[in-house]
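Enquirer: Below you will find the structure I want to go over with you.
The values are calculated or read from the model by the stated rules, or taken from the named source; none is laboratory data. Every value quoted in this text rests on a predicted model; they were computed, and no experiment measured them. FYI the Cβ positions are ideal-geometry reconstructions off the backbone, even for glycines, and counts take in every protein chain you see. Surface areas here come from the heavy atoms of the whole protein model, side chains and all, with no ligands, DNA or RNA. Shrake-Rupley method; radii C 1.70, N 1.55, O 1.52, S 1.80 Å.
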Amino acid sequence: MTTEPENQQAPPEKLRAREDQVTALQEDLEAAKRDALQNRESAQRAQAELVNFRRRSDEERITLGKYSNNRLIIKLLPVMEELGLAVADAEDGGPNASWLDGVKLIQRKLMNLLESEGVAAIEAVGAMFNPVEHQALGTVETTQYPPGYVTEAVRPGYRLHDRVLQPAQVMVARQPQGGSQPGEAPKTKETEYD
């Protein structure tokens, strides 16, 4: 009886089969590594999208809170203007002083309330005409202001934080034409709003 030594090499077919098996396993390992890398990148993108979504949601929530009282404030502005007209009329010789003081107090409280909510008056007289903040009702020939600057605020304008609630209705300066002498009354050109 002949016995083969145990450390004898396997036939070439078995070696080739093992080499093919190792190659297939290496290819599977590389594919698994690629898949893992793609999955990690996808997870990182999804995480970044979630962070961006949360940030946008927070910004929208803050904006909604900031401007949520917009409609109420717009409805209060005419009341504020009418109080101003009442005070101006009363100072010209209207009712008694205690009544006038009471109306002024109400006007001040209302303005303080609006200011605490972020409402601010739009600067008009002496400012360069800005179509976002001003509504031109007409032009006035004058040398007191350069052309394109606001000479008179007919109705005040207001903004809530950085948004215009009501543009100021204004008269805008223009260059005098020809025969205007110093001391002459300025000429007003009416527009379609009058």
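Enquirer: For segment 134-171, which residues satisfy the criterion of being open to solvent by 40 Å² or more (accessible area, probe 1.4 Å) and not in a strand (DSSP E or B)?
Expert: THR143, GLN144, TYR145, PRO146, PRO147, PRO156, HIS161, ASP162, PRO167
Enquirer: If ARG108 meets every condition in (1) outside any loop (DSSP other than H, G, I, E, B); (2) open to solvent by less than 40 Å² (accessible area, probe 1.4 Å) apart from one, which number is that one?
Expert: Failing condition for ARG108: (2).
Enquirer: Identify the single condition in (1) crowded, with 16+ Cβ neighbours inside 10 Å; (2) in a loop (DSSP other than H, G, I, E, B); (3) modelled with pLDDT of 90 or more that PRO176 does not satisfy, given that it satisfies every other one.
Expert: The number of the failed condition is (3).
Enquirer: Still on this structure, please answer the following. Looking only at residues in segment 111-133 that are among the aliphatic types (A, V, I, L, M) and over 20 Å from ARG71 (Cα atoms), which one is least open to solvent (accessible area, probe 1.4 Å)?
Expert: Once the filter is applied, the top-ranked residue is ALA124.
Enquirer: Kindly check whether there is at least one residue in segment 83-91 that is open to solvent by 60 Å² or more (accessible area, probe 1.4 Å) and in a loop (DSSP other than H, G, I, E, B).
Expert: no
Enquirer: A further question on this structure: Residues being open to solvent by less than 100 Å² (accessible area, probe 1.4 Å), in a helix (DSSP H, G or I) and of a type outside the set (A, V, I, L, M): count how many of those fall in segment 29-78.
Expert: Of the residues in segment 29-78, 14 are open to solvent by less than 100 Å² (accessible area, probe 1.4 Å), in a helix (DSSP H, G or I) and of a type outside the set (A, V, I, L, M).
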